[in-house]
Amino acid sequence: MIVLGYRVRMEQRLSTPRSLLVMVPVFSVFFALVVGGIFLAATGHPPIGTYLKLVDNGYTSFYGITDTLGLATPLICTGLAAAFAFRMNLYSIGQEGQLYLGMIGGAWAGIALADSLPTLVAVPVVLLFGAFAGAMWVAVPALLRARLGTSEIVSTLLLNYVALNLLNYFIFGSTGFFRDPTTSFPQGRPVAESARLSPISFFTDKVTNTYPTFFIAVILAVVLFWLMRLSNYGYETAVYADSPNTARYAGMNSAWLQSSVLLISGALAGVGGAMYVVGPAGKVDPGLLQVGLGYAGIVVAALARYNFIAVIVAAVLFAGLRTGGNALQISSDPVPIAIAVVLQGAVLLFALGGELFRRNKVTISRVQAAAT
Amino acid sequence: MANLAVVTSVAGSSSSSRTSQPALEARGVTKRFPGVVANDAVDFDLARGEVHTLLGENGAGKSTLASVLCGLYRPEEGQVLRNGAEIRLNSPRDGLAHGIAMVHQHFRLVDRFTVAENVVLGHKSLSFVLATNDIEDRVAAITQEFGLPLNPRAVVGDLSAGERQRVEIVKALYQGAEVLLLDEPTALLAPPEVENLFVTVRAMTHTGKSVVFVSHKLGEVVDISDRITVMRGGKVTGSVRRGEADVRKLAELMVGREINIVPRRAKSPMSDVLLSVSQVHLERDGAEILSDINLDVRAGEIVGVAGVAGNGQRDLAEVIAGLQTPQQGNVTVCGTPTARSGALGARRAGLAYVPEDRLGTGLAPAMSIVDNMVLTRERGFLVDRKSALAESEQFIRQLEIKTPGPLTPTRKLSGGNAQKVLLARELFAVSGARVLVVCSPTRGLDVGAVEAVHALLDEARDAGKAILMVSEDLDEVMTLADRVMVLYRGKITLEQPGTHADLERVGRAMAGIAS
């Protein structure tokens, strides 16, 4: 490529310097902030001041960080779900639908089973049912992929719309099991009290939006990280991801590997939905639709470069942008939430663009003068 | 974006000087890659109408030189001259503008397109709607003129390797190439197809075109070449004209010392039959791939299966390794029938398998040596990398595997070192494996690595393993095998003792000529 008399060349790197692994995400965020700043300035808001407010509202104030951790909780789960599948080169984008189904499955258990159970049992039961429902939602795409080689991208995406309509139907379209019978207002039937957790107050008397499920999500990420590193299952999926032919040569069962990875990914997203039930919602809540945590999970996984521990960090970072952005909207000088969305989009774009620099070395040289 | 940055340093080079100047010349070309000097001040020239062969081992730098000549690589130092005038090539497109085209070893064709569509692919002056008939007529004219039988309307995906190569050559000619660089053109061809290729090459040189023929196969280049230039370690080691070519001398120039191929045979008496294949029959998509295969391999024996690529060798190896299930017949490994028990069943019965494709089948390329060591062993819930690490370190020492360490990804190893890792795992690390199936164990390796691999196989034979070696390299089979078999169209057509095999008969059997 020739730009203004300079030749720009890309050459593949033989190895990636460690410093780049840190530099690329840092610069991605930095450039995203610059782009967002241009939008802010264009709409008449001081960029630096707005950013400082955003950081305060999203990360540094007490309610800011506790809101952020609360939002990050299901986001860690969908991020893990996406990372888990993407590592195997299975591009499931069904986390959104699996999240809804996790909420529905979890709420079912919370309503139907939890009544007579102590909290210590009821909460895990709700989470397990959420996981199961999420896994079942990806079972058909998993089967199609493993047996017929059908693209999981299309099938999981389409099921997101089915899940969305299913959720709407349960709350707005029917007066069935999930609908609250005590009011004509369309809302979910509350789960048993024993299936709910109370928010963490962090040694204050304030009511926060962070629930103990945040720690469950973090523990999940850490356990997954070590398990995939040390276990035979992690080894086999890594071999398959690296080279399907090698996996076949070694006698691994590729249909099993593909379908089980998709099912576990679905279960992880489903747990996220169920955490929403035992935490803030306490019922099937269509409010989850507005948040888009499933799709955001894909962004989080990409930012974390499919590393399970990094998913935690990326999810908190991402959730903070969202809560900070929300708070800006209702401040004295309201900034449209769209700016926060622009920022999120820009972070992703620059993070993915940064991959180019991680993989390639860019050299710029002067083009030799022609025909002297 | 094909800016032609052409510099004409020799002023006034006119058409009158064309005849005396070489069609293409390299002067002092140096090209470095990280860690290697692929071309070290190389001089090379090609006359009009000449076939000039670049001969050398893998890694000698001949493909690099060809890539420099066609514009794919830019040299750090030196010049490329066309008809005596210096040219600067920034891309293969620049090369084409000067009438220079390269036919790569790995074809660059679109399988779903027809021959004609592939020929015009990337051509700059195409109309918005393809004038298909015109193109097909022109393609047909070229195929006739140069003896390249091809149907312009055939879909490339349906063609054989030889036919695909013809498409590449037609493409180059269609684009107006006067100088053709053929990189290892015979690597994928059966002997009759090689003959065809030579006819085409002669037809091209008759019309004044020039050909650079890149090869590492000594035997064949002597027939076709007007001149042979030998490269080794990035340098030119010698050049001979037609008629002066002496195979022994060329071989010495290639490897840099007198080569002394000593056949290695079994030293101790063979004992029990460890691998037995009986009446195996394999079909795929209605086509017969293997038919009535019977063979036994004894402990302490190497049985060599020779044949031209694509005659069922890989399928035979995969059937024995349990990766394909035959419709009929039995495979017995150390007394256990395994034909229907899958790859794991065959392994548990005592089979080790070294596939032809080292990186990508035998090894996981992005994973470390340690991780690759545990690939074919029994693993529990957790992977035991501690013992694999110790094992890797031991093999690296014993087999002199050149690597920064045991945690290096295998794709960063050279071919020879990757093969050592693979052989080490399959020969020594797989517990209890007494039968080894090995495919083209030295394909693409340099001379030193070939010797090391052969020594390893010989050692394993002495240790009482039963080895079935499938190889397209007849020399390799003749050097190592105690018994030689020829596989032709899925059948074993000839069996001879390795010590006094009739080479001519083996060659004829490989070409499918009944003796």
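The values are calculated or read from the model by the stated rules, or taken from the named source; none is laboratory data. None of these values were measured; they are calculated from a predicted model. Cβ placement follows ideal geometry from the backbone for every residue including glycine, while neighbour counts extend to all protein chains displayed. Remember, those area values only see protein heavy atoms, side chains included, never the ligands or the DNA or RNA. Shrake-Rupley method; radii C 1.70, N 1.55, O 1.52, S 1.80 Å.
Coupling constants for segment B:201-206 follow from the phi torsions by the Karplus curve (6.51 cos²θ - 1.76 cosθ + 1.60, θ = phi - 60°), and in residue order they are 4, 5, 4, 5, 5, 4 Hz; glycine and proline get x. Only Cα pairs under 8 Å and 6+ residues apart enter the sum, and on that basis the relative contact order of segment B:22-255 stands at 29 percent.
So what is the 222 nm mean residue ellipticity for the protein assembly as shown from helices alone, if each DSSP H run of at least 4 adds -39500 (n - 2.57) and you divide by all residues, rounding to the nearest 500 deg cm²/dmol?
Details: 31 runs with 398 residues, N = 887.
After summing the helix terms and dividing by residue count, I get -14000 deg cm²/dmol.
Taking a threshold of 30 Å on the Cα-Cα distance, which of the pairs B:Lys171/B:Lys249; B:Lys249/B:Lys412; B:Lys31/B:Lys412; B:Lys249/B:Lys491; B:Lys217/B:Lys491 fall above it? B:Lys171/B:Lys249; B:Lys249/B:Lys412; B:Lys249/B:Lys491, as the Cα separations exceed 30 Å there.
Gain on full extension, evaluated as 0.36 nm per residue between B:Ser268 and B:Ser387 minus their Cα-Cα distance, stands at 39.5 nm. Working note: Cα gyration tensor of the protein assembly as shown, eigenvalues times five, square-rooted, sorted largest first, giving semi-axes of 58, 38, 25 Å. Identify the residues of segment A:309-323 with backbone N under 15 Å of a label point that sits 7 angstrom from the Cα of A:Arg358 along the Cα-to-Cβ direction, or state none. Residues A:309-315 fall inside that zone.
Net charge dipole, segment B:22-255: roughly 400 debye, given to the nearest 20, about the Cα centre with Cβ charges of +1 for Lys and Arg and -1 for Asp and Glu. Solvent-accessible surface (1.4 Å probe) assigned to A:Met103 amounts to roughly 0 Å².
On a 1.4 Å probe surface of the protein chains, which of A:Val26, B:Val506 comes out largest in accessible area, and what is the full order?
Numbers: A:Val26 85, B:Val506 0 Å².
Output order, biggest surface exposure first: A:Val26, B:Val506.
The accessible surface of segment B:22-255, taken with every protein chain in place and a 1.4 Å probe, is 49 percent carbon and sulfur. Sequentially through segment B:298-303, phi angles give Karplus couplings (6.51, -1.76, 1.60; θ = phi - 60°) of 9, 4, x, 9, 10, 9 Hz, Gly and Pro residues having no value and appearing as x. As a ratio to 2.2 N^0.38 Å, the alpha-carbon radius of gyration computed for segment A:1-119 takes the value 1.63. Rounded to the nearest 0.05, the FRET efficiency derived from the C-beta distance between A:Leu230 and A:Asn89 at R0 = 25 Å is 0.70.
Excluding ligands, DNA and RNA, what is the accessible area buried between chains B and A, summed over both sides, using a 1.4 Å probe, to the nearest 100 Å²? All intermediate terms of the calculation are to be shown ahead of the outcome.
Values: alone 23690 and 18450 Å², together 39530 Å².
The contact between A and B buries close to 2600 Å².
Can you work out the PRE-style zone for B:Arg379? Point 7 Å along Cα to Cβ, and I want the residues of segment A:208-246 with backbone N under 13 Å. Taking a point 7 Å out along Cα→Cβ of B:Arg379, the residues of segment A:208-246 whose backbone N falls under 13 Å are A:227-243, A:246.
Straight-line reach from B:Lys465: taking Cα to Cα under 16 Å and skipping same-chain neighbours fewer than 8 places apart, the aspartates and glutamates in range are B:Asp272, B:Asp296, B:Glu301, B:Glu426, B:Asp482.
A simple spin-label model places pseudo-atoms 7 Å from Cα toward Cβ; at B:Leu344 and A:Thr150 they are separated by 2.8 nm. Computed over protein heavy atoms with a 1.4 angstrom probe, the accessible surface ordering of B:Ser239, A:Ser331, A:Ser184, largest first, is A:Ser184, B:Ser239, A:Ser331.
Exposed loop chymotrypsin sites (Phe, Trp or Tyr not before Pro) only (DSSP loop, at most 10 other Cβ atoms within 10 Å): please give the longest stretch of chain B free of them, not including the sites.
The longest such stretch corresponds to B:129-380.
Count charges around B:Arg461 for me, please; just the other residues with Cβ under 13 Å from its Cβ, Lys/Arg as +1, Asp/Glu as -1. Can you show the working numbers first?
Working: positive: B:Arg264, B:Arg265, B:Lys267, B:Arg298, B:Arg434, B:Lys465, B:Arg483; negative: B:Glu301, B:Asp458, B:Glu459, B:Asp462, B:Asp482.
Around B:Arg461, the surrounding residues sum to +2.
For chain B, the share of DSSP beta bridges that are antiparallel, to the nearest 5, is 55%. Summarising the label geometry, the points placed 7 Å from Cα in the beta-carbon direction at A:Leu21 and B:Ser160 lie 5.0 nm from one another. B:Lys235 sits with roughly 110 Å² accessible to a 1.4 Å probe, with DNA, RNA and ligands left out of the calculation.
Computed from the C-beta positions of B:Gln394 and B:Val37 and an R0 of 41 Å, the FRET efficiency is 0.80 to the nearest 0.05.
In a shell of Cβ-Cβ distance under 11 Å around B:Pro185, excluding B:Pro185 itself, what net charge do Lys and Arg (+1) and Asp and Glu (-1) give? That sum, taken over residues with Cβ under 11 Å, equals -3.
Accessible area per residue was computed with a 1.4 Å probe on protein heavy atoms; B:Leu503 scores about 100 Å².
For segment B:22-255, the spread of Cα coordinates along the three principal axes comes to 50, 37, 32 Å, biggest extent given first.
Relative contact order, whole percent, for segment B:317-367 stands at 29, derived from Cα pairs under 8 Å and 6 or more residues apart.
What does the charge count near B:Gly360 come to, summing +1 for each Lys or Arg and -1 for each Asp or Glu among other residues with Cβ under 12 Å from its Cβ?
Values: positive: A:Arg248, B:Arg358, B:Arg411; negative: A:Asp242, B:Glu356, B:Asp357.
Result for the local shell: 0.
Considering only alpha-carbon pairs that sit under 8 angstrom and 6 or more positions apart, the relative contact order computed for chain B is 14 percent.
Where only protein heavy atoms count, and the probe is 1.4 Å, what is the accessible area per residue for the protein assembly as shown in Å²? Show your work: numbers first, answer last.
Values: 39530 Å² over 887 residues.
Heavy-atom SASA per residue in the protein assembly as shown reads 45 Å².
Counts of other chain beta carbons within 10 angstrom of each beta carbon in peptide A:230-242 average 5.
Please identify the longest segment of chain B free of exposed GluC sites (Glu not before Pro), where exposed means a DSSP state other than H, G, I, E or B and no more than 15 other Cβ atoms within 10 Å. Here the longest segment lacking exposed loop sites spans B:77-243.
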